[in-house]
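The values are calculated or read from the model by the stated rules, or taken from the named source; none is laboratory data. Keep in mind the model is a prediction, meaning the values are calculated, not measured. Ideal geometry is used to build each Cβ from the backbone, glycine not excepted, and the neighbour counts take in all protein chains shown.
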Amino acid sequence: MSQPPPDQPSAAPAAPATDLTTLFPQGEGIQAQIARRQRNATIWRFVFLGATSLAVIILTTLLLSIINQSFGLVAEQTNIPETQLIVNYQKSLMLEASNVALSSEDDAALAEGIAADAAGVGLLGNAYTTQNQDTLRALSIGGVAPTAETVQSGAYPLARPLLLYTTATTVADKPQIGAFLAYYLQVADEVMAEIGYFPLDEATLAQQETTLLALLGATELPTIVPAEYEGDIVIAGSSTLNQVTREVAKRFRAEGFQGAIKITSVGTGAGFAGFCAVDGGVDIVNASRTITQLELESCRANALNPVATVVGADALAVVVNAQNDFATDITLEQAGLLFSSAVNWAEVDAGWPAEAINRYIPTTDSGTMDFFVATVFAAQTLADLPYDSLVTVFQANVSAGRCRAAEAEQRFYADRFVCDTEEAFTARCEGENPTTGCTLAPRDHASLEALVQAEVIQPEVLQAWFLAESIFRRDEIVATALEEYPSADVHFRRWLTWDFITRPQSATPELAGVRTAILGSLWVVGIGLLAGFPVGVGAAIYLEEYANKRKRFNSIIQTNINNLAGVPSIIYGLLGLTVFVRVLEPITSGAIFGVGDPTTANGRTILSAGLTLALLILPVIIISSQEAIKAVPSSLREASFGLGATRWQTIWNHVIPNAIGGILTGVILAMSRIIGETAPLVVVGAATLITSDPSGPFSKFTTLPIQIYQWTARPQQTFLLIAGAAIIVLIILLFILNIFAIYLRNRYARRIG
Amino acid sequence: MSNVATYSTNGGPYAIEAQDLSIYYGSFRAVKNINLRFPTHKITALIGPSGCGKSTVLRAFNRMNDLIPISRAEGVILFHGKNIYDHDVDPVEIRRRVGMVFQKPNPFPKTIYENVAWGARINGFKGSKTDMDALVEESLRDAAVWDDVKDKLNQSGLSLSGGQQQRLCIARAIATRPEIILMDEPASALDPISTLRIEELIQELKKNYTILIVTHNMQQAARASDYTAFFNMDADRAGYLVEYNQTDELFTSPKNEMTEQYITGRFG
C-alpha cells in the first residue's frame, strides 16, 4: 500500500457510519428509488423492443421487395401465341381430313349439301339451321339445345357473340359509318330474331350503346335519319353475320340513305385482313368471333385501333341431316372428334353405325372455324399434342435450316430424319466435329415442347413492372405499353409458377426454370450433410468425452476449430478445388468406378461440391455438438458409470440421446448455411448453364444460389425478375428442409424425454 | 481379467478395506493416510464437517474419482484381497460390483422400467422378458417404491417426486446385484418423511449388502448405522480419519476430544 503524500489531508479510511441502516433510503425515498429503477427497466425494455422491431422491419422489407419483383404486369410478345398454334394445327387437321365433303364460306351451300347427304354433318350458324328445319337437325351438346335462353345464359357451349369492328378514325372520317352503326343497334334485335339469331339482353345492349357514344363522341344517342348521310360503306367478313348486315343495309337504304353499301362474305379472318391492311378499304368487319392477338397486332402496327360493337349472339350448331336417326346429343369432346380424327360415326359413339362421316365445314378464314376449334380444344396445350404433331408444328413454323440445326443438336426420331438427310448426318457424325445429335438419344415430348416454345412461340417480355406499380399505376402502365409496344400483350404475370419450378434452365429467361438447380442444391446439401454430420459429431464426442482438455495439444485443436468457423467460405472453395477437384479427381469424377460422365470427366462434380461444403460446416457442427454434449448433466454420466457402464455405453445410451436435440439444431443451422453458399461452389466449378438434371454424385451441377447469382449478373431485366422468383424458391426450399429437420429433431427429443 | 473375481462374495468379515489411502486433486492432497475396514453386511456412516473429504473417500471405493482427470489415489484399497487401483483392474468391474447412490436423485430420462432394467442389461443379464420383469419388480420392491410406481412403469423416471426418485435410484443400483452400495448423502435433498423412509430402507438393505453412507446429519448416523467413521480437516486442509468405532460407542463415549466436540455440536 502506497502512503498518501504528506502535504495532503489525511486519507485514512473513514470510520463506518454508526448505524448502517440509515444509509438506505428512508420514508418516501424508498418509493422514489424503486421508481427510478423501474424507469430504467422501462427504458431498456423499449430499447430491446426497438431492436426487435428494426429487425422485423428490415426482414419484412427484404421479403416484400423480393415479392415485389416476382409478380407484376408485363408487356409480352410472342411470335405466335400457343393457343393460335393449336387452333391452326387443329384447323389444318380438320380441313385436310379425307372425309371433308365440302368446305365453303357459303353457309347456304353447306346447308344444301347436308340436306342432300344422309351421312352429312356440318357447322352452321343458328339462322341457317332454323331456316332449314325441314332438312336439317341441330344436335344438343351436353344435353343443352341451342335456344335463346341457353345462349343468353351461356349454358350452350358453342354460343358466340356477333360483332361489328370499326375504328374511331373511320367513324370520325366518315360520318355515315357511325350513323350506320347506331342504326344497326336500333334495329338489331328485330332483324336478329327475324333471321334466326339471338337478340342481346338489355344489359349488353346498354353497354354497346355506351361504347357507341364514346365512338361518336356524343352524350346521347341521336335519332338517325339515313337520308341525311351519303358516301360509301364497305363491309366485309363473316358469312354468319352476312344475312343480318344485308337486311340492316336494305332497311338503311329504304329509309333514304344515298350512298352505296358493299357487303362481302369472305370469312371473319379475311375481313380483318382487309380491315387491318393500310389500304384495305374495309370500314366495318362482320365478325363471328373476337379479334385475335395476331390480328390486333397487325392492326395496331398500322395505327388502327379496332373497336368492337356486339350486335347479337349466335349459337353455332352441329347439324346433321334430318334423316339421321341416331345422333341427337353429343359431348364437346365428341364434337371435336366428329370434325377431326374420327372417320366413321362409330368412332365417335360406339352405338352409332360404322358409316363414313361426310363433313360440311367452312374454310380456313372462317370465324366459325376459329371459334369452334378454340372452344372445343380450349384446354389443349402443347403437352396435349402428340409427338408427331409437335414435330409437324415445329417443322411448319421454322426455316429448313433451323430445323436441320435442331435435328443436329438432338434427333426427333431414332429411325428417320425430318429435315436432315441420312447422308449429311452420317457424314457429319463421322467428321471432325460431330454434333451432340450423334450421341444423344432422340428428344422426348417435354424437350420437344421446350423447343417449340423457344423457337416457334418465342415468348419475349419487352418490359416488366414491379408488383407495387402494377397495382397502383395499372391504367397508366397499360396505356404506355400499348403505345410503346403495339404488338405486345399486356397482362399480369407471376414469375414464380409451378412451371418455373419444374422447367430446366434455359437461355431464354421467359422459358427458364429452376428444376436443375433445385435438384443440384438437394444433391449437394445432401452429400454435404451426409459427410459433415458423422465426422462433425464424431469429433465433438471425442473432444468432449475422451480428450483430456488439460493437454495443450487438445486445446490447440479446440482453438483452431473455433477459428475455422470464421474463415471466409471462399477459402474452403480453394481447398476443395485443390483437394477434391484436382488431387482426388479420379475419385470425385467417378473415373475410378468407371461411372464418370465421359464428356465432363473431371473433378467438378456434385461429389466435390458436397465434400467442400461438408468441410465448410464441420466447425459449425462440431461446436454446436460440443455445446449440446456439454449441456448433458454430469450426474447422468455418473449414474451410468456408477452402474458399471463403459464410456461408450454411457455416451451411446445417455449422452447422445440427451444431446441429439442440440446436435440437430446445429445441423439445421449448418444446412441453412450451405444451402445458400455460392462462393466456394463457384471456385469448385459449378456449371454456368446446364439444362440436364444431375443424375448422380458424378454429374456436373449447379445450385439455386449459383443460378440466382448468374441471373442477377445478366443485363436483361427479365433475368432479374426470374432471379427474384428463384430467391423465393430458395427461401421456400430452405423452409421446407428446416421444417423437416425440426420435425425430426422434435420427434427424437420427445422419444428421449 | 483381474483376480478380484476369483474371491467369493462373502469371503470375510470385511467387505472392503482402505490402507494408507491418500487422494490428490492435482497437487492438492484432499485426504491423507486413511486406514479403514468396512464390516460385511453392516452399515457404516462417514461423518465430518464440510470439506473434510468424506465424499472423496467414499468415491474412491468404486473409483468414481477417476472421472475427474486431475485426481489420483495413493495407497491401497483392498477388495477381496486385491488392490482396486492396480493397473490390471478395470474400474468398470469395480463399479459393477460396488454400486452407488448419489446425493441428488439422478434417474435417467427414460421410463421407470428402463431405469431399473438398463443397468442389468448392460451388465449381461441374460433373462427373458419375464425374467427382466421379475428383476425390475423385485428391485423396486426391495427399494420400497414398487407400490408407488407399479401402475406407471412406462412413465418417465423424472415424473416421480424427489423421495420416489431417490428410491428408484436405489432400485437401479440393487438391480445389478452389487456387493457394496455407496451412498453419498442420499437423503440430504429430501424432506423429513422421505428421509425417514430412506433410512428404513437402508436398514432392510443391509441384510444383503454392505452399505457405506456419507451423511452430514449426526442423528441419521446415530440412528441408522452400525459403525461410524469421523473425519476432520487438518491444518493443511487435507481430510484425515479421526476416530472409527461402533456407532453407539462413538456417540456415547468418544475417545477423541475433537469427536466429542463435533458430536455435541461445538464445531462443524
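Details
- Residue that is farthest from residue B:174 (Cα to Cα) [pool: residues in segment B:91-114 that are in a helix (DSSP H, G or I) and within 9 Å of chain A (Cβ to nearest Cβ)]: B:91
- Taken together, the criteria exclude residue B:187 from residues that are part of a loop (DSSP other than H, G, I, E, B), over 14 Å from residue B:101 (Cβ atoms), free of Cβ contacts under 8 Å to residues at least 60 places away in the same chain and of a type in the set (A, V, I, L, M).
- Top-ranked residue of segment A:532-558 - restricted to ones that are aliphatic (A, V, I, L, M) and closer than 15 Å to residue A:624 by Cβ, ranked as surrounded by the fewest Cβ atoms within 10 Å (Cβ to Cβ): A:535
- Any hit, segment A:309-327, residues being modelled with pLDDT of 85 or more, surrounded by fewer than 17 Cβ atoms within 10 Å (Cβ to Cβ) and in a strand (DSSP E or B): no
- Spans of strands (runs of 3 or more DSSP E) in segment A:206-293 with at least 2 residues under 38 Å from the mean Cα position of the chain (by Cα), assigned by TED's automatic domain parsing to the domain that holds residue A:189 and at positive phi: none
- Residue in segment A:94-115 that is closer than 30 Å to residue A:484 by Cα, buried (at least 17 other Cβ atoms within 10 Å of the Cβ) and within 33 Å of the chain's Cα centre (by Cα) present: no
- Single unsatisfied condition, residue A:609 versus (1) surrounded by fewer than 24 Cβ atoms within 10 Å (Cβ to Cβ); (2) in contact (Cβ under 8 Å) with a residue 12 or more places away in the chain: (1)
- In segment B:244-267, of all residues being among the hydrophobic types (A, V, I, L, M, F, W, C) and in a helix (DSSP H, G or I), the one that is modelled with the lowest pLDDT corresponds to B:263.
- Qualifying position, being surrounded by fewer than 23 Cβ atoms within 10 Å (Cβ to Cβ), touching a helix residue (DSSP H, G or I) at 6+ places or on another chain (Cβ under 9 Å) and under 20 Å from residue B:208 (Cα atoms), among B:97, B:72, B:63, B:37: B:97
- Unique residue being away from chain A (no Cβ under 12 Å), part of a helix (DSSP H, G or I), farther than 24 Å from residue B:210 by Cα and over 17 Å from the mean Cα position of the chain (by Cα) when the list is B:133, B:151: B:133
- Boolean, residue B:145 is of a type outside the set (S, T, N, Q), more than 14 Å from every other protein chain (Cβ to nearest Cβ) and crowded, with 17+ Cβ neighbours inside 10 Å: yes
- Scanning segment B:170-188 for residues being among the small types (Gly, Ala, Ser) and either within 12 Å of chain A (Cβ to nearest Cβ) or touching a strand residue (DSSP E or B) at 6+ places or on another chain (Cβ under 8 Å) (or both) gives a total of 3.
- One residue stands out among those in segment A:619-645 that are crowded, with 23+ Cβ neighbours inside 10 Å and away from every other protein chain (no Cβ under 14 Å): the one that is farthest from residue A:583 (Cα to Cα), which is A:628.
- Qualifying residue in segment A:549-558 (condition: under 20 Å from residue A:706 (Cβ atoms) and assigned to a loop (DSSP other than H, G, I, E, B)): no
- Scanning segment B:154-169 for residues that are surrounded by fewer than 20 Cβ atoms within 10 Å (Cβ to Cβ), assigned to a helix (DSSP H, G or I) and within 13 Å of chain A (Cβ to nearest Cβ) yields B:158, B:159.
- Scanning segment A:568-583 for residues that are surrounded by 13 or more Cβ atoms within 10 Å (Cβ to Cβ) and either modelled with pLDDT of 90 or more or touching a Lys or Arg at 6+ places or on another chain (Cβ under 8 Å) (or both) gives A:569, A:570, A:571, A:572, A:573, A:574, A:575, A:576, A:577, A:579, A:580, A:581.
- Checked against (1) closer than 16 Å to residue B:38 by Cβ; (2) touching a strand residue (DSSP E or B) at 6+ places or on another chain (Cβ under 7 Å), residue B:102 meets all criteria but (1).
- Qualifying residues in segment A:500-531 (those that are free of Cβ contacts under 8 Å to residues at least 60 places away in the same chain and β-branched (Val, Ile, Thr)) - the one surrounded by the most Cβ atoms within 10 Å (Cβ to Cβ): A:508
- Residue in segment A:119-126 that is in contact (Cβ under 8 Å) with a residue 60 or more places away in the chain and either among the hydroxyl-bearing types (Ser, Thr, Tyr) or over 25 Å from residue A:377 (Cβ atoms) (or both) present: no
- A residue that is acidic (Asp, Glu), in a helix (DSSP H, G or I) and facing chain A (nearest Cβ under 10 Å) occurs nowhere in segment B:83-90.
- Test set (1) farther than 26 Å from residue A:607 by Cβ; (2) more than 21 Å from the chain's Cα centre (by Cα); (3) buried (at least 22 other Cβ atoms within 10 Å of the Cβ) - residue A:721 fails condition number: (2)
- The condition of being in a loop (DSSP other than H, G, I, E, B), of a type outside the set (S, T, N, Q) and either out of contact with any Cys (no Cβ under 8 Å at 6 or more places or on another chain) or surrounded by fewer than 23 Cβ atoms within 10 Å (Cβ to Cβ) (or both) holds for only one of B:172, B:177, that being B:177.
- Qualifying strands (runs of 3 or more DSSP E) (wholly inside segment A:45-140; at least 1 residues being touching a Phe, Trp or Tyr at 6+ places or on another chain (Cβ under 6 Å)): A:71-77, A:100-103, A:120-124
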